[in-house]
């Protein structure tokens, strides 16, 4: 327990978390500080490319084993099943109607790539190695949760609307294409490729992540202000309890697979995080009657800050204790 | 100068629905349209603005098209099929254009 508090305290005063806190505080204080839309987009492209490329290089360096396929499969299964747990928890903790509960549940089966990036940064700074292919697992976990959410809805009186265009948008959304594409480039070019561009994608990584998290803090803070009143106490409790339960599901899967300590942390983080990019867009098309104030405020305003500040150090400590790493 | 009567249709809709709407409009015979970014606004679904959005899910756009009056019904039927379940505003106004053959 002492280690968890020490890790959490250390994490809380890291530049990454403090940058996020600055954005959050500025937004809540109604400052006019903002990161231009195009700049925020450029920062996210950089981060996705860098994390995908480094993941690919790691796979090229250490080789591929059967665990890659099994871990991908475990990620898909987690993404499909976690919404069922989230839906059940929402029905126990809140009075949310079926439609909104299913929409929220879909978000909690999918993943937050920014939380994943922040976790890899924490692992790097602590010298904890992880499987490079976890990047591919992150990409694979984006979509199955959406299907689960629509299945939950179809069991009631309503139904979601899925068409071929939406499938294409989900499976080929820019983040997934960039992440997987950079992963493949890193895999193909290997350590030699990394040596050519490492001054661009390794050294500046944390600084760029700080700026991006400053923007995420601003977005989360403004989301909290807009969504004020949309969430009851039960929903807020869900937003903190669900990632912890999700992380334990990720831990169980990682232990069965025999992942490294770093890989275990990353699978826990993926299972604990909630989407606020791919799934909200899919929900607006498939379930337009669901209230975006509820699912966006929960995933971006409650779960994301929790994971970034307390969740990641908690998952690191639990993974280290469980794997002996 | 000679002008011709036409209808200007403005459809403000969620950005995620943009391509579905323009596909439907083209299917209904609309030959041209303009897409404008919408900075922000407020309505039955609450206030919102473009700044600081992390998801495509929250943005809005406005699709503007100018058509001959006799093609209005087909356009509105096509547009309504897309926007029916979604946040948005459909507005029709009279206007005049210089080159009628273009619409």
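Structure notes:
- Test: residue A:33 is over 21 Å from residue A:141 (Cβ atoms), within 14 Å of chain B (Cβ to nearest Cβ) and in contact with a helix residue (DSSP H, G or I) (Cβ under 8 Å, 6 or more places away or on another chain): yes
- Qualifying residues in the stretch A:61-105 (those that are in contact (Cβ under 8 Å) with a residue 24 or more places away in the chain and not in a helix (DSSP H, G or I)) - the one farthest from the chain's Cα centre (by Cα): A:95
- Filtering A:267, A:245, A:300, A:308 for residues that are surrounded by fewer than 24 Cβ atoms within 10 Å (Cβ to Cβ) and assigned to a helix (DSSP H, G or I) leaves a single hit, A:245.
- Checking A:75, A:63, A:55, A:69 one by one, the residue that is modelled with pLDDT of 85 or more, away from every other protein chain (no Cβ under 14 Å), out of contact with any helix residue (DSSP H, G or I) (no Cβ under 9 Å at 6 or more places or on another chain) and within 18 Å of residue A:130 (Cβ to Cβ) is A:69 and no other.
- Complete set of residues in the stretch A:112-149 that are within 30 Å of residue A:99 (Cβ to Cβ) and without any contact (Cβ under 8 Å) to a residue 60 or more places away in the chain: A:139
- Residue tally, condition assigned to a helix (DSSP H, G or I), under 20 Å from residue A:113 (Cβ atoms) and touching a residue at least 24 places away in the same chain (Cβ under 8 Å), over the stretch A:167-199: 15
- Scanning the stretch A:8-30 for residues that are surrounded by fewer than 21 Cβ atoms within 10 Å (Cβ to Cβ), within 14 Å of chain B (Cβ to nearest Cβ) and under 19 Å from the mean Cα position of the chain (by Cα) yields no hits at all.
- Here is the figure for the stretch B:10-28: residues that are crowded, with 22+ Cβ neighbours inside 10 Å and closer than 24 Å to residue B:96 by Cβ total 2.
- Selection status of residue A:275, within 15 Å of the chain's Cα centre (by Cα), at the interface with chain B (Cβ under 10 Å from one of its Cβ atoms), in a loop (DSSP other than H, G, I, E, B) and within 29 Å of residue A:70 (Cβ to Cβ): yes
- Exclusive hit being on the phi > 0 side of the Ramachandran plot and in contact (Cβ under 8 Å) with a residue 24 or more places away in the chain, set A:239, A:223, A:258, A:250: A:258
- Scanning the stretch B:19-29 for residues that are over 13 Å from residue B:81 (Cα atoms) and either outside any loop (DSSP other than H, G, I, E, B) or in contact (Cβ under 8 Å) with a residue 60 or more places away in the chain (or both) yields B:19, B:26.
- Yes/no for residue A:295 being in contact with a helix residue (DSSP H, G or I) (Cβ under 9 Å, 6 or more places away or on another chain), over 23 Å from residue A:10 (Cα atoms) and either within 8 Å of chain B (Cβ to nearest Cβ) or free of Cβ contacts under 8 Å to residues at least 60 places away in the same chain (or both): no
The values are calculated or read from the model by the stated rules, or taken from the named source; none is laboratory data. Quick caveat: nothing in here was measured; it's all calculated off a predicted structure. Note that each Cβ is placed from the backbone with ideal geometry, even for glycine, and that neighbours are counted across all protein chains shown.
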